[in-house]
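What follows is calculated from the coordinates using simple rules that are stated; it is not laboratory data. Nothing here was measured: the structure is a model prediction, and the numbers come from that model. Positions of Cβ are backbone-derived with ideal geometry, glycine not excepted, and every protein chain shown enters the neighbour counts.
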Amino acid sequence: MEFSCAICGAGPAGMGFLFHAFKTGKLRDIARNGLLIIDKRFWLGSGKLGDYANVIGNSIGKTFLACLEHESFEEVFDDLRKYSPLYKQMVAAGDGAPYLSDVGDLLALAAERLISHLAARYDVKVLRGCEIDTIRRLKSGHFDIVYHDVRNPAVHHMVSSDTVVMNLGGRQRVEEIDELCSGLGVSPPGVGVKTYASDDLLSMTTARLVGTFARYFPQGPTRRPNRITVIGGSHSAFSIVDRLATELGCVGLDEIAVIHRSPIRLFFETAEEARANGYPVDEPNDVCPISKRVNRSSGLRYRAFDVARSIISSGRMPDAKPRVELIEAGTGDGASTRASDYLSGSLAVIHGAGYGPNTSVLIDHWGESIPLQLGQGGLMSDTFGRPFDANGDVVRGLFSFGLGAGFRPDAQIGSEAAFRGRIYGVWIFHHTIGGKVLDGVLRALASVPDMDKEEPITARRERSIARMNNK
């Protein structure tokens, strides 16, 4: 089977691209020779969001609802708006931040309705419960995708596509903890210290989280304090601190350390609001020139904001027993020593320092691996979302922009100057980034010869730096 476009990974990023293509009237163009949607899950649209337990999002309900608001969606989502309790719950929440599991469930309901609508009108094929083994880029520039059904992994199948939109989610590997410690200039945890990824713990119910740790907490008056260390300073790191403190304090957890590389940044709508809250603002570096928001991309919001601010001011979370210490590694020998002591004396260490890409095996027409470049925050890519290979050249026809990949800020996306990571988020997948990638896919399908000449100077500079780093 051959397709114009294959969407590999039907989570928030992949579906954001699809939603954008439909509402802008470009679906027929990307599906002119068939559109493939493939995902290892059977229920599409939510990705990992539906897995998280008791985790508050970092955007308000209206932000997620905005992804379903367009005149083209009136017919598609009419019954969802009228009859779905979850949709009505999100509307009622309005300016409140919802649980990520509720966001995931709503996105899944919307994605299933849109896919059903498209399948009845266009040449759309959906492969559920299918995991990709390899993506081969042919001499012609097309791609062969080899996959298997998760229920029958021994049997492999192949389809071909002119373009591939690959967003298979991000991943945290506990094996990276020693590397993270080295990068922070601190000693790694000792032998026998248990290690976890924050994503795995955030997906646990309270009962399972308690069951995982409570048996490791010594009891008695002469024991050492029961400690857990979290590495990272982003939303996921403070979300796991929130759950550890509130759910494990009653079963023996005494102390939590948060070891982070750069200062903890808080989000504010304006610089005036930040200063009124006693937050120092460096306007050239902290304020987004487009939105005028403080720490628009890097700042903690809503529940994570409250957790971090309470810890900064009091060393504890509200109504929680464990003491929490923030340690900014690299600020001096004292901080490094304190961080090393905490790591060696912890019962567990948790990786909460962002995500790497979860990509399929990418090979060329000879069957040789095509390594992709990594930068801070994930895969490095150009203005259309095409990742760079090890030589600094884009992989034409391939697009990746979800968790573990993503765009660097630019004049259109906007961000604070101090932010060095990648841009993620459901809203931006459905809007600005979805539009950039759609433009790239359409140009690739039209075989625009001067596509690379439109690459901005900042992206070309990143390529040059990457080439020098690889020498």
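Observations on the model:
- Inter-part distance, the range 187-205 to the range 375-418, computed on C-alpha centroids, equals 29 Å.
- Considering only 360, 295, 250, the residue lying farthest towards the positive end of the dipole of the range 241-395 is 250, judged by Cα position with unit charges set on Cβ.
- Under the Karplus curve 6.51 cos²θ - 1.76 cosθ + 1.60, θ = phi - 60°, whole-Hz ³J(HN,Hα) for the range 189-199, x wherever Gly or Pro sits: x, x, 5, x, 6, 6, 10, 9, 9, 4, 4
- Taken as entire DSSP H runs, the helices of the chain that both span 15 Å or more between Cα atoms along their own long axis and average 0.0 or more on the Kyte-Doolittle scale are 12-23, 100-119, 235-248, 302-314, 432-445.
- Dipole of the range 404-446, positive end: most advanced residue of 424, 413, 444 [Cβ charges, Cα centre]: 444
- Taking amide H as placed 1.01 Å from N in the peptide plane, the amide H of residue 127 sits under 5 Å from that of 37, 38, 39, each at least 5 places away or on another chain.
- Here's how it looks for residue 374: its modeled amide H is under 5 Å from those of 380, which are all 5 or more places away or on a different chain.
- Relative contact order (%) - criterion: Cα under 8 Å, at least six apart; region: the range 1-54: 54
- Annotation: the residues 250, 67, 288, 130, sorted from fewest to most other C-beta atoms within 10 Å of their own C-beta, follow the order 250, 288, 130, 67.
- 10 Å Cβ shell holding at most 10 others, DSSP loop, GluC sites (Glu not before Pro): longest site-free stretch of the chain: 76-367
- Net dipole in debye of the range 221-357 [+1 Lys, Arg Cβ; -1 Asp, Glu Cβ; about Cα centre; nearest 20]: 280
- Sequence-separation-based contact order of the chain, relative, with Cα cut under 8 Å and 6+ spacing, percent: 20
- Cα point-scatterer Debye curve for the range 64-125, base-10 log of I(q)/I(0) at q = 0.20, 0.25, 0.26 Å⁻¹: -0.78, -1.11, -1.18
- q = 0.13 Å⁻¹, the range 297-366: log10 I(q)/I(0) [Debye, one scatterer per Cα]: -0.59
- J(HN,Hα) series, the range 147-163, from Karplus relation 6.51 cos²θ - 1.76 cosθ + 1.60, nearest Hz, glycine and proline x: 9, 9, 6, 4, 8, 8, x, 6, 9, 10, 10, 9, 10, 10, 8, 6, 9
- Phi angles of the range 394-410 translate, via the Karplus equation with coefficients 6.51, -1.76, 1.60 and θ = phi - 60°, into HN-Hα couplings of 6, 8, 5, x, 10, 9, 8, 8, x, 4, x, 10, x, 9, 7, x, 9 Hz per residue; Gly and Pro are given as x.
- Net charge of neighbours whose Cβ lies under 14 Å from the Cβ of residue 344, counting Lys and Arg as +1 and Asp and Glu as -1: +1
- Estimated FRET transfer efficiency (residue 24, residue 81; beta-carbon r; R0 22 Å; 0.05): 0.60
- Mean-position separation - Cα centroids, the range 61-83 and the range 287-344, in angstrom: 36
- For the range 27-43 versus the range 210-274, the gap between their alpha-carbon centres in whole angstrom: 41
- 23 Å Cα-Cα threshold exceeded, pairs from 23/125; 40/125; 48/139; 26/436; 26/125; 40/88: 48/139; 40/88
- Close amide H partners of residue 3, meaning residues 5 or more places away or on another chain with modelled amide H under 5 Å apart, are 160, 161, 162.
- Relative frequency of Cα-Cα separations exceeding 38 Å in the chain, percent: 26
- Longest DSSP-loop-exposure-free segment, chymotrypsin sites (Phe, Trp or Tyr not before Pro), the chain, at most 16 other Cβ within 10 Å: 123-365
- The rule of thumb for compact globular proteins, 2.2 N^0.38 Å, goes into the C-alpha radius of gyration of the range 155-249 1.48 times.
- For the range 73-181, size of Cβ-based charge dipole, Lys and Arg +1, Asp and Glu -1, in debye: 360
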